[in-house]
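S.K.: Could you have a look at this structure, given as structure tokens, before my questions?
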Amino acid sequence: MLAHGWQSVARLWALLLLCAAAVFWLGSVEDPKQAARRTSGQPAARLARQIEPLRRLQVWRFGLYYFFAFGGYVALSVWLPRYLMAVYGLDIRMAAAIAIAFSLPAGLLRVVGGILSDRYGARTVMYWSFIGSLVCTFILSYPATDYSVHGLHGEHRFTIATGLSAFVMMLMMQGFFMALGKAAVFKHIPVYYPDQVGVVGGAVGAIGGFGGFVLPLAFGLMNDLADVWTSCFMLLFGIASASILWMHWAIRRQERAAAPTITNFRYLPELQASESQVGSEQD
């Protein structure tokens, strides 16, 4: 970039995008359902029917998951250089290197998230993603704090702060859990909406992209309001908390709707056998 100017980076990126577009154009095949519809002469579904899933709250819940997993990942990739320079006093080269070390593996590890989602289920992987993210963002959000304890023979002073090595380690773990979440979100969509994957996937992806745009602005606003640099991780902790609570509530609601008589014995299954035995004796 120094030898050829920053414009050469944009030109190279545009060339790579054109190559990727050519590969998709020449190497992809038409959707079998779309091809069958064309062969039979059936008309395409109306636009109102295609976007009907967007009226369901579940789609927007998936969007919130992706807002955190993908939007938060993009926002941190943008925010990290400035954060590292301000908090740890790094120069721009070292700060950018750490940001790249976070963003590049987190993108590639999405493949691992897809494999785990196929093996263990998207719902389980989403739990892993959110629980791991809660642990990481809680530690990362703790600001450097000086304590003074009044002891028996005087005051004891100590400081709790996340050093650079610990910060980078927790950051990489956070990137891994976000990668799991990104894959697990899109594992949900074809299961719940097999005939509207494009519409629902596009909406969820757009919400995630919006998160990558709005969250850096929110990070700056949080700095002004909280007056601490770690407030960006406090915000991510809040989003992850809201997401996992909403997800767990929705799952429990589905379970109660699917098996209302069994739900009451979820944690005490022996009571179900006792009541069944009593009922048979009365009959």
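The values are calculated or read from the model by the stated rules, or taken from the named source; none is laboratory data. The structure displayed is predicted, hence computed values, not measured ones. For neighbour counting, all protein chains shown are included, and Cβ atoms are generated from backbone atoms with ideal geometry for every residue, glycine included.
S.K.: Spot the failing condition for Ala184; the list is (1) surrounded by fewer than 18 Cβ atoms within 10 Å (Cβ to Cβ); (2) over 17 Å from Thr137 (Cα atoms), and only one is missed.
M.R.: Checking Ala184 against (1) surrounded by fewer than 18 Cβ atoms within 10 Å (Cβ to Cβ); (2) over 17 Å from Thr137 (Cα atoms), the one that fails is (1).
S.K.: Moving on to the next point. Failed condition for Ala99, given (1) over 29 Å from the mean Cα position of the chain (by Cα); (2) surrounded by 14 or more Cβ atoms within 10 Å (Cβ to Cβ), with all others met?
M.R.: All conditions pass for Ala99, except number (1).
S.K.: I'm told Ser28 meets every condition in (1) at pLDDT below 80; (2) polar (S, T, N, Q); (3) under 25 Å from Val200 (Cα atoms); (4) exposed (fewer than 10 other Cβ atoms within 10 Å of the Cβ) except one. Can you identify the failing condition by its number?
M.R.: Answer for Ser28: the failing condition is (1).
S.K.: Determine whether Phe177 is part of a helix (DSSP H, G or I), at pLDDT 85 or above and closer than 30 Å to Gln58 by Cα.
M.R.: Values: part of a helix (DSSP H, G or I): yes; at pLDDT 85 or above: yes; closer than 30 Å to Gln58 by Cα: yes.
In short, yes.
S.K.: Output yes when any residue across the stretch 162-175 is without any contact (Cβ under 8 Å) to a residue 24 or more places away in the chain, surrounded by 13 or more Cβ atoms within 10 Å (Cβ to Cβ) and not hydroxyl-bearing (Ser, Thr, Tyr), and no when none is.
M.R.: Yes: one or more hits.
S.K.: Being of a type in the set (S, T, N, Q) and not in a helix (DSSP H, G or I) narrows it down to one of Gln42, Gln58, Gln34, so name that one.
M.R.: Gln42 is the lone residue from the list that is of a type in the set (S, T, N, Q) and not in a helix (DSSP H, G or I).
S.K.: Considering each of Val200, Val214 in turn, give the residue that is in contact (Cβ under 8 Å) with a residue 12 or more places away in the chain, crowded, with 20+ Cβ neighbours inside 10 Å, hydrophobic (A, V, I, L, M, F, W, C) and assigned to a helix (DSSP H, G or I).
M.R.: Details: Val214 fails: crowded, with 20+ Cβ neighbours inside 10 Å.
The unique qualifying residue is Val200.
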